[in-house]
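Accompanying notes for the structure given below.
Every number in this text was worked out from the coordinates using simple rules, so none of it is lab data. Everything numeric here is computed off the predicted structure, so don't read it as measured data. Note that each Cβ is placed from the backbone with ideal geometry, even for glycine, and that neighbours are counted across all protein chains shown.
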Amino acid sequence: MAKKFLLGFLGVSAFLFGSTAGQTAEVPKKAKTLDELIKMYDASSCKSCHQKEYEQWSKSFHAFSLIGSKRTLGSWASTIKLILDGKTYPHAKATKVEDLKVSHLMFCAKCHLPQLRNAEDSVAVELAKLVLSAAEGDEKAFEKVKQVNINCLVCHQEMALVHKWRDGYVDKKAIYGKKEGAHFDPKYSSLKKSPIIDRSVFCGQCHGTGPNFEFDEPSQCATAYGSYLHAYIPSGGTKTCQQCHMKEDNLGHFIVAYRDPRMVKKAIAYQVEVLPYYYLHKPGVYHNKARVVVKITNKAGHRIPDG
Amino acid sequence: MPMAAGWDRDNKMMFGADRKTGYMVDTSLQPGKTHKEIMEIRFPENVKKMKVSVRLWYLPSAAAENIEKLTENKDKFLFFAEEREVTLP
């Protein structure tokens, strides 16, 4: 009986252990500094074997996920300032940078830096200071902020499994893709299959469905996946995000959108018709006119532009 | 573009992901849908031929009235351009 109770207790412990970990089977050691976080998600070793993919990624906005076209960096800085002004968010319990916690930044970091959930609050303070300095033109801070991003490990490990009750929790020693097997990297020695890495739901984790209600203060950034689900699919759409943004035109890990003319051409059909004619303004008086009809058809899998 | 009111409690449009929780107005192009714009342009007096220039710009963040001052491929992206010579019969 005592043994049964002990086994039962271990079972409950294991369940709690798994569920409190959130994203992984093991409770990850949390980073205490930004450098520790950068080291935890260091993907530089990927480059030696996956050079093409690494080069493509390095030009993508994923590689500058806290900076974007610099508008993202500006938005981060203005959001941090709003949190700290004591008026916009009077219940945020933060009026100076040192008060900030990871939870204050996750409504942006959920997608722009999901690995921040594996950092202690001291990292949130460090990152916030750097973001504020970088947005004001501090080049050293800017270079540091660039080092935290959506890299290989974020997509091919951290975010690789969506249905954790079904597929389990992420193995931190594995790289997730479309195959199972060995992986020639001593730190990540196995390849595991992510059942959703080539499906739209994978991208939908961040290119979202709408408000992020899971946070005490919800945010809403990208809603492309919501548009995909509720407008593109009902209109008869059959493609995945990856088909248009990665596979077609061999765009690969560049995963580009409006910045690339190939994407624009695929996304929008455009037609101009012009009819010159004589408009009878009043008896005996004609106005010479041209009627210009412009038709634009959205061929993309989501609204253009998205929110 | 999809427009959101601040914290979804009035009808005042705001920017900023931290302030959005829904959409108030959405004028974006919807998947599979065609949007049509018709423009009537009057020929100048005694002119029977003119060049019509149609340009579709995407402005990620700036207001349309500043378009000439914006930097191309940074603040404004030219999606399509077409010129037509129009002659009255």
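A few notes on this one:
- Ranked for footprinting exposure by Cβ neighbours inside 10 Å, fewest first, A:LYS172, A:LYS93 give A:LYS93, A:LYS172.
- Rounded if a/c under 1.5, otherwise prolate or oblate - the stretch A:189-274, Cα gyration tensor axes: oblate
- Shape call, the stretch A:117-258: gyration tensor on alpha carbons, a/c limit 1.5: oblate
- Within straight-line cross-link reach of B:LYS36, aspartates and glutamates at Cα separation under 14 Å, skipping those fewer than 8 residues along the same chain: A:GLU273
- Working from Cα pairs under 8 Å separated by at least six residues, relative contact order for chain A is 15 percent.
- At 1.567 mPa s and 4 °C, Stokes diffusion of the stretch A:100-143 via Kirkwood alpha-carbon radius, µm² per second: 122
- In plain terms, the residue of A:THR88, B:THR87 with the fewest other Cβ atoms within 10 Å comes first and the most crowded comes last, giving B:THR87, A:THR88.
- With the convex hull of its Cα atoms as the shape, chain A has an orientation-averaged projected area of 25.0 nm².
- Across the stretch A:174-307, C-alpha contacts under 8 Å between residues 6 or more apart give a mean separation that, scaled by the residue count, equals a relative contact order of 18 percent.
- In this structure, the residue pairs whose Cα-Cα separation is over 18 Å, taken from A:LYS81/B:LYS12; A:LYS32/A:LYS101; A:LYS178/A:LYS265, are A:LYS81/B:LYS12; A:LYS178/A:LYS265.
- Long-range tail of P(r) for chain B (Cα pairs > 18 Å, %): 65
- Per-residue Karplus couplings for the stretch A:277-285, computed as 6.51 cos²θ - 1.76 cosθ + 1.60 with θ equal to phi - 60°, are listed in order as 7, 9, 9, 7, 5, 7, x, x, 10 Hz, Gly and Pro entered as x.
- Proximal lysines relative to A:LYS39, as straight alpha-carbon distance under 19 Å, when same-chain residues fewer than 8 apart are discounted: A:LYS29, A:LYS30, A:LYS47, A:LYS140, A:LYS144, A:LYS146, A:LYS172, A:LYS173, A:LYS187
- Taking label positions 7 Å along the Cα-Cβ direction at both A:HIS91 and B:ASN11, the computed distance is 2.8 nm, reported to one decimal.
- Neighbours of B:LYS51 by Cβ distance under 12 Å: Lys/Arg scored +1, Asp/Glu scored -1, total -1.
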